[in-house]
1. Of all residues in the range 373-390, how many are part of a loop (DSSP other than H, G, I, E, B) and surrounded by fewer than 19 Cβ atoms within 10 Å (Cβ to Cβ)?
2. Out of the range 416-451, which residues are in a helix (DSSP H, G or I), open to solvent by 50 Å² or more (accessible area, probe 1.4 Å) and in contact with a helix residue (DSSP H, G or I) (Cβ under 9 Å, 6 or more places away or on another chain)?
3. Those residues that are part of a strand (DSSP E or B) and among the hydrophobic types (A, V, I, L, M, F, W, C), I need them from the range 171-201; list them, please.
4. May I ask you to list the residues in the range 299-317 that are farther than 19 Å from Gly221 by Cα, surrounded by 18 or more Cβ atoms within 10 Å (Cβ to Cβ) and not aromatic (Phe, Trp, Tyr)?
5. Consider only pairs whose beta carbons are under 8 Å apart and that are at least six residues apart or on different chains; among these, list those whose first residue lies in the range 265-292 and is under 27 Å from Asn446 (Cβ atoms) and open to solvent by less than 10 Å² (accessible area, probe 1.4 Å) and whose second residue is assigned to a strand (DSSP E or B) and of a type in the set (Phe, Trp, Tyr).
6. So Gly253 passes all but one of these: (1) in contact (Cβ under 8 Å) with a residue 60 or more places away in the chain; (2) farther than 24 Å from Ser204 by Cα; (3) crowded, with 18+ Cβ neighbours inside 10 Å. Which condition number does it fail?
7. Which of the residues belonging to the range 356-380 are under 15 Å from Ala194 (Cα atoms) and of a type in the set (Lys, Arg)?
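The values are calculated or read from the model by the stated rules, or taken from the named source; none is laboratory data. Everything numeric here is computed off the predicted structure, so don't read it as measured data. So basically every Cβ, Gly included, is an ideal-geometry build from the backbone, and we count neighbours across all protein chains shown. Remember, those area values only see protein heavy atoms, side chains included, never the ligands or the DNA or RNA. Shrake-Rupley method; radii C 1.70, N 1.55, O 1.52, S 1.80 Å.
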Amino acid sequence: MRRFIAERTKHLIKRNFLTSSNSHRFLASQSSFFSSSPSTSSTIVSPSSMESSSGASNQVTLQSINPKVLSCEYAVRGAIVTQAEKLQEQLKQEPGSLPFDEILFCNIGNPQSLGQLPITFFREVLALCDHPSIIDKSETQGLFSADSIERAWQILDHIPGRATGAYSHSQGVKGLRETIAAGIEARDGFPANANDIFLTDGASPGVHMMMQLLLRSEQDGILCPIPQYPLYSASIALHGGTLVPYYLDEATGWGLEISNLKSQLETARSKGVTVRALVVINPGNPTGQVLAEENQKQIVDFCKEEGLVLLADEVYQENVYAPDKKFHSFKKIARSMGHEEKDIALVSFQSVSKGYYGECGKRGGYMEVTGFSADVREQIYKVASVNLCSNITGQILASLVMSPPKVGDESYEGYSAEKEGILSSLARRAQTLEDAFNSLEGVTCNKAEGAMYLFPRLQLPQKAIQAAEAEHAAADAFYARRLLEETGIVVVPGSGFGQVPGTWHIRCTILPQEDKIPAIVERLTAFHKKFMDEYRD
């Protein structure tokens, strides 16, 4: 009986679906989906024909997925890291089965995974915002600082319903954007507008959003530094554009030469590529350089003259270690040169994942968008609204990063000590690893002026290069794999970031805790000597 009723119901639903005038009008309006020809008449596909066409021919294969996905690569979490994770699991299951007792991840800028502690004030405010019912309890006054309690109330007052689990405005909570704008203004000395701020889940979604906006086809290009952070090559590939490389000069500390920018721009245009934007990463990733103010002015002039959007990756703005260098935002540089918003389109990216805070898992960040017309701004907002909003925890953290405790606040001394402790330790780690790389045969390493990485160059023996070729691998990937297998140290091959052809590099973070650095140096030194001896020409 139940089977009869089910079959009868199916028949009625099918008949009503095919005869309903409303359904027919809908299907007719969607004729491109249901018609095999450009004719305006619609063809309705019956369930039976759909069922018969399903099967092996509709399976998802590498040949049937979007080719843009196949063409995109992200070396920071590539094959070397996958192998490292397998070895880590092996050590758990079979302790003592490998020539090392732990995997040392030097492949990614993920500070807290390597032991860095979060900033106390930031976490106190987050805890109170997520559990506001405890704010007025007497015990809270003894556990939390007075200024973290006050800041939590201020933030909650900005959030509709004081609910951190609810959606916000698609650009982010207005009050938090106002706090960030005030922080930008204090940093740069020039006005900032909350309406220019788009809060994002880290900097990466902002980059994707701009690529989505600017790239119409493979005939549109983005000038991108080589070496570069693979987010840019991956996002350009995913959105169907063309990466137009410009090479940083390793001999001058990874300098950016305007003459090289002009040459690459002219070459791209001669090939029919419309270059839409210039990406600048400052401080540099993976190269660690901090741009000089004069160089930044040249870059601003270049973008203005050529009509390019300036995409400024400034997520390492707090990570400057060289005493003779200082971070300047590109917006500050442009305004100090007298350029108004209408003169240059500029997008700057910031993230809570880097700096001294290292809150990668909280996924907070923002982009400040200036110099775009009102109708284009509407389109950017539309794209942002498709994702509804970024997560509220990340939004709160972004506001805290741009408005930390000030002199006179109860938390200020503790906050300052934590910040200084982290940054000074990073500077010491960078120096120790830089010295270690420069002591190795055939290795040269530029100074890490900022960011979280070293990018040493490897002069590898010809026999090692030939051994890599025999395994269909880049020479630096071959070196990195051997380093992992023999020492447990995880680095990223330079070939994953791009490099001058014929040169080889690795990227190594400075993030392992300071007490781990001597072991890394010891293992690295022993491995490199053995490797060079094995493949010596």
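1. Step one: of the range 373-390, the residues part of a loop (DSSP other than H, G, I, E, B) are 373, 387-390.
Subset that is surrounded by fewer than 19 Cβ atoms within 10 Å (Cβ to Cβ): 373, 387-388.
Of the residues in that region, 3 qualify.
2. Answer for the range 416-451, where residues must be in a helix (DSSP H, G or I), open to solvent by 50 Å² or more (accessible area, probe 1.4 Å) and in contact with a helix residue (DSSP H, G or I) (Cβ under 9 Å, 6 or more places away or on another chain): Glu418, Arg428, Thr432, Asp435.
3. Applying the first criterion (part of a strand (DSSP E or B)) to the range 171-201 yields 197-200.
Selection gives Ile197, Phe198, Leu199.
4. Glu314, Val315, Gln317, listed by residue number.
5. Close Cβ pairs (under 8 Å, with a partner that is assigned to a strand (DSSP E or B) and of a type in the set (Phe, Trp, Tyr)) amount to Asn285/Tyr453; Pro286/Tyr453; Thr287/Tyr453; Gly288/Tyr453.
6. Among (1) in contact (Cβ under 8 Å) with a residue 60 or more places away in the chain; (2) farther than 24 Å from Ser204 by Cα; (3) crowded, with 18+ Cβ neighbours inside 10 Å, Gly253 violates only (3).
7. Passing the criteria: only Arg377.
Okay, residues lined up against (1) in a loop (DSSP other than H, G, I, E, B); (2) under 18 Å from Asp537 (Cα atoms); (3) over 27 Å from the mean Cα position of the chain (by Cα):
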position	(1), (2), (3)
Leu460	yes, yes, yes
Gln466	no, yes, yes
His472	yes, no, yes
Phe478	no, yes, no
Arg481	no, no, no
